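Here's the structure we're looking at; comments come further down.
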Ligand SMILES: C[S@@+](CC[C@H](N)C(=O)[O-])C[C@H]1O[C@@H](n2cnc3c(N)ncnc32)[C@H](O)[C@@H]1O
């Protein structure tokens with residue numbers, strides 16, 4: 001099998017794979033649009049793969065190959081769609097997606113790292129031809145019941161698979177109320193994982209529509225959110241009734257010192273949100289509050305493009321930084337350990 005996630009989150013997805021019963025992670029790469037994690041699934045563990053939260057798509061593998069110098073697309077396509085291996089993958093797909101009809105509709109999606117050396121459309125055409133030779137009654141269509149994806153996840157390394165997931169996997173439970181700038185649930189899930197094992201209250205002080213709160217509740221945290229905008233608080237309350245949300249200012253939190261075990265937030269920087277005044281001063285104040293309300297031994301996890309060292313209080317010790325790409329923009333997930341003041 002293989003799974004895709006947001007570029008930059010492969011290490012978090014690998015950890016989720018390895019912690020899921022019956023799954024273990026293998027080679028990792030990136031096809032430029034998504035990080036790719038190959039994985040093996042024991043008997044009956046494919047359903048568990050579909051339940052992963054950091055993954056956005058899951059595939060059952062039909063073949064993999066390396067591209068030797070000068071190998072044309074037709075050769076790669078033949079190695080990816082091998083008549084002897086396909087039946088097993090198809091029966092695995094049918095177990096999750098329903099019965100296979102003889103006249104199935106299918107669609108091929110290809111992603112390659114270097115368009116000049118190897119045309120994506122050429123590989124798509126050759127793979128479509130290979131499938132049609134093997135399954136003459138299948139019909140190409142878009143949308144189609146079966147999607148066959150072939151991705152180059154590292155230079156010259158290809159893996160192909162049948163897509164098991166649909167849009168619901170990316171949306172998790174979906175949001176009843178949508179707001180601009182809402183986070184992709186897989187990113188929120190990754191941030192909540194980086195906060196560690198659930199242990200009391202997780203606070204998102206800029207909660208927007210509540211995506212992080214929803215993931216926190218699912219992981220087993222008591223989730224609390226604030227937002228400066230009452231509309232956001234209403235959205236979060238509707239979207240995540242199990243969390244508590246109220247209006248509040250991240251620069252001056254109405255929370256006692258050391259009262260939360262985790263502080264996880266997608267700060268208001270980016271296309272939709274700006275902060276008033278000097279950005280460095282805003283960050284210094286907000287991170288000071290994060291350090292104050294998070295108890296020693298807890299975690300602070302932030303999504304923000306950059307964090308000058310000068311804005312980070314000494315009690316927040318950097319544990320991780322994951323550069324991620326969201327809608328083509330570069331940003332980072334930062335994780336800090338809240339260490340003791342002494
Ligand atoms: C990027 S959005 C958060 C999106 C959220 N993660 C979601 O999935 O919907 C940033 C949020 O910060 C809020 N915000 C801006 N300044 C704030 C402040 N000083 N205190 C609290 N919230 C603030 C905005 O109203 C906005 O809802």
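The values are calculated or read from the model by the stated rules, or taken from the named source; none is laboratory data. Source: prediction; values computed, not measured. So basically every Cβ, Gly included, is an ideal-geometry build from the backbone, and we count neighbours across all protein chains shown.
Odds and ends about this structure:
- Going through (1) within 13 Å of the ligand (Cβ to nearest atom); (2) in a loop (DSSP other than H, G, I, E, B); (3) at negative phi one by one, residue 223 falls short only on (2).
- Residue in the range 258-277 that is more than 9 Å from the ligand (Cβ to nearest atom) and modelled with pLDDT under 95 present: yes
- Selection status of residue 175, buried (at least 19 other Cβ atoms within 10 Å of the Cβ), modelled with pLDDT under 95 and either within 14 Å of the ligand (Cβ to nearest atom) or farther than 27 Å from residue 71 by Cα (or both): yes
- The residues listed here are 330, 317; of these, the one that is in contact with a strand residue (DSSP E or B) (Cβ under 8 Å, 6 or more places away or on another chain) and without any contact (Cβ under 8 Å) to a residue 24 or more places away in the chain is 317.
- Filter result for residue 193 (out of contact with any strand residue (DSSP E or B) (no Cβ under 7 Å at 6 or more places or on another chain), in a helix (DSSP H, G or I) and farther than 26 Å from residue 315 by Cβ): no
Every residue, every condition in (1) over 21 Å from residue 172 (Cβ atoms); (2) surrounded by fewer than 22 Cβ atoms within 10 Å (Cβ to Cβ), yes or no:
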{"site": "24", "(1), (2)": "yes, yes"}
{"site": "35", "(1), (2)": "no, no"}
{"site": "53", "(1), (2)": "no, yes"}
{"site": "58", "(1), (2)": "no, no"}
{"site": "65", "(1), (2)": "yes, yes"}
{"site": "72", "(1), (2)": "yes, yes"}
{"site": "83", "(1), (2)": "yes, yes"}
{"site": "96", "(1), (2)": "no, yes"}
{"site": "114", "(1), (2)": "yes, yes"}
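- Every residue from the range 190-209 that is within 12 Å of the ligand (Cβ to nearest atom) and touching a helix residue (DSSP H, G or I) at 6+ places or on another chain (Cβ under 6 Å): 192, 204, 207, 208, 209
- Qualifying residue in the range 46-64 (condition: more than 29 Å from the chain's Cα centre (by Cα), at pLDDT 85 or above and in the same structural domain as residue 156 (by TED's automatic domain parsing)): no
- Any chance residue 162 is in contact with a strand residue (DSSP E or B) (Cβ under 7 Å, 6 or more places away or on another chain) and away from the ligand (no atom under 14 Å from the Cβ): yes
- Evaluation of residue 286 against (1) closer than 22 Å to residue 320 by Cα; (2) at pLDDT 95 or above; (3) more than 9 Å from the ligand (Cβ to nearest atom) (one fails), failing number: (3)
- Just one of the listed residues (307, 283) is buried (at least 16 other Cβ atoms within 10 Å of the Cβ) and touching a strand residue (DSSP E or B) at 6+ places or on another chain (Cβ under 8 Å), and it is 307.
- Single condition residue 212 does not satisfy, out of (1) at pLDDT 95 or above; (2) more than 9 Å from the ligand (Cβ to nearest atom); (3) in contact with a strand residue (DSSP E or B) (Cβ under 8 Å, 6 or more places away or on another chain): (2)
- Residue check: residue 91 meets all listed conditions (1) in contact (Cβ under 8 Å) with a residue 12 or more places away in the chain; (2) in a helix (DSSP H, G or I) but one, namely (1).
- Enumeration of residues in the range 248-268 that are without any contact (Cβ under 8 Å) to a residue 60 or more places away in the chain, surrounded by 15 or more Cβ atoms within 10 Å (Cβ to Cβ) and out of contact with any strand residue (DSSP E or B) (no Cβ under 6 Å at 6 or more places or on another chain): 249, 250, 251, 253, 255, 259
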